[in-house]
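Below you'll find the structure, written out as structure tokens, and then a few comments.
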């Protein structure tokens with residue numbers, strides 16, 4: 001009889017093999033969900049998704065070429081998203097939760113349901129992530145997205161512990177400083193925002209969901225933050241200062257977010273911007289270099305070996321830039337999501 005460890009290893013192998021088939025055949029042979037609930041005796045495996053607008057999700061559901069409907073119905077891709085009758089499927093072992101800071105400052109809940117495309121207006125990478133991870137894990141899974149668009153790592157998402165620094169006669173904000181920068185030797189004039197406010201809000205909202213676990217995953221018997229997904233960098237690419245500091249900030253972000261959720265062993269997967277190519281210059285090139293630098297296999301941080309992975313998104317993108325939301329092409333969001341999910345499953349397999 002196969003033990004739990006062997007069973008998990010086999011699932012990891014199958015997921016990774018499907019990834020190989022996908023690359024060579026241009027198809028997605030992931031199995032359809034069986035409609036069965038997870039083993040509710042196990043703690044919920046929580047995966048927290050953070051970033052900016054493309055993590056939030058701008059992929060079109062309906063329409064011609066580039067929409068999810070077209071990809072599924074015409075191209076026969078991502079067939080696990082529909083049932084045998086052609087309707088959007090619902091998997092009972094993966095919970096899809098999305099929250100965001102509302103205009104009044106409180107938490108808005110946009111999604112709190114079993115994972116299904118039905119009723120969704122646009123998609124991010126969560127469906128590719130959720131199905132890949134859900135197929136590999138027997139325990140209940142929660143995909144918990146807490147983010148908003150147009151946010152930079154060097155300002156809005158700056159993690160606690162980040163310190164002030166100086167560049168060309170300007171002082172740039174450390175965590176909770178305001179404004180973003182001011183002339184050296186002058187008194188800063190605060191604005192109605194501070195460095196790291198979005199980080200604080202997104203973390204607080206995710207923690208609020210977890211503090212009311214049964215409301216978001218009915219019947220849950222506890223949880224474990226198993227991993228983080230991060231897709232971000234567009235706004236930092238518009239700033240010479242933020243792009244030059246991106247690697248330093250990203251390393252600190254990875255360490256800090258694990259501390260926030262008391263999850264030192266949680267895996268971390270990030271994706272690069274789809275338009276960014278290896279060897280490119282400019283601010284976008286700096287952001288890409290920083291994102292590749294933290295990869296645990298090919299990067300330069302030994303402490304991230306086996307627990308951080310970077311997905312190079314350029315070969316997966318169907319065109320357009322991150323700032324243009326990849327022209328709303330749902331296939332870009334699905335393919336990046338699947339790749340991120342497979343990278344997470346691989347990291348989880350290494351720790352078994």
| message | Show the residue pairs meeting these rules: Cβ distance below 7 Å; 6+ apart or different chains; first residue within the range 242-264 and on the phi < 0 side of the Ramachandran plot; second residue surrounded by fewer than 21 Cβ atoms within 10 Å (Cβ to Cβ) and modelled with pLDDT under 95. | response | none
| request: List every residue pair whose Cβ atoms sit under 8 Å apart, with the two residues 6 or more apart in sequence or on different chains, where the first one lies in the range 59-75 and is in the same structural domain as residue 317 (by TED's automatic domain parsing) and the second, anywhere, is loosely packed, with under 13 Cβ neighbours inside 10 Å. | output: 61/121; 68/62; 69/62; 69/63; 70/63; 70/64; 73/86
| task | For the range 312-329, state whether one or more residues are in a helix (DSSP H, G or I), touching a helix residue (DSSP H, G or I) at 6+ places or on another chain (Cβ under 7 Å) and farther than 23 Å from residue 151 by Cβ. | result | no
| request: Give the residue, chosen from 336, 269, 345, that is within 16 Å of the chain's Cα centre (by Cα), at negative phi and not in a helix (DSSP H, G or I). | output: 269
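Name the residues in the range 22-37 that are modelled with pLDDT of 50 or more and touching a helix residue (DSSP H, G or I) at 6+ places or on another chain (Cβ under 9 Å), would you? First the steps, then the outcome.
Step one: list which residues in the range 22-37 are modelled with pLDDT of 50 or more, which gives 29-37.
29, 30, 31, 32, 33 - these are the residues of the range 22-37 that are modelled with pLDDT of 50 or more and touching a helix residue (DSSP H, G or I) at 6+ places or on another chain (Cβ under 9 Å).
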| note | Checking 219, 128 in turn, the sole residue that is closer than 24 Å to residue 109 by Cα, in contact (Cβ under 8 Å) with a residue 40 or more places away in the chain, out of contact with any strand residue (DSSP E or B) (no Cβ under 8 Å at 6 or more places or on another chain) and surrounded by 20 or more Cβ atoms within 10 Å (Cβ to Cβ) turns out to be 128
| request: Could you please find all residues in the range 38-68 being over 19 Å from residue 114 (Cβ atoms) and surrounded by 16 or more Cβ atoms within 10 Å (Cβ to Cβ)? | output: 50, 51, 52, 53, 54, 55, 56, 58, 59, 60, 66, 67
| field | Single residue of 196, 102 found to be more than 30 Å from residue 349 (Cα to Cα) and either crowded, with 16+ Cβ neighbours inside 10 Å or at pLDDT 95 or above (or both) | value | 196
| Are there any pairs, at least 6 apart or on different chains, whose C-beta atoms fall under 7 Å, with the first in the range 146-157 and on the phi > 0 side of the Ramachandran plot and the second in a loop (DSSP other than H, G, I, E, B), and if so, which? | 150/52; 150/235
| request: Return the residue satisfying two criteria in turn: it lies in the range 249-308 and is closer than 21 Å to residue 325 by Cβ and in contact with a strand residue (DSSP E or B) (Cβ under 9 Å, 6 or more places away or on another chain), and of such residues it is surrounded by the fewest Cβ atoms within 10 Å (Cβ to Cβ). | output: 273
| said: Condition (residue is at pLDDT below 95 and more than 25 Å from residue 139 (Cα to Cα)) applied to the range 38-45: is it met by at least one residue? | reply: no
| message | I need the strands (runs of 3 or more DSSP E) fully contained in the range 153-250, keeping only those with at least 1 residues that are touching a helix residue (DSSP H, G or I) at 6+ places or on another chain (Cβ under 6 Å). | response | 165-167, 223-231
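The values are calculated or read from the model by the stated rules, or taken from the named source; none is laboratory data. Everything quoted here is computed from the prediction, not taken from an experiment. So basically every Cβ, Gly included, is an ideal-geometry build from the backbone, and we count neighbours across all protein chains shown.
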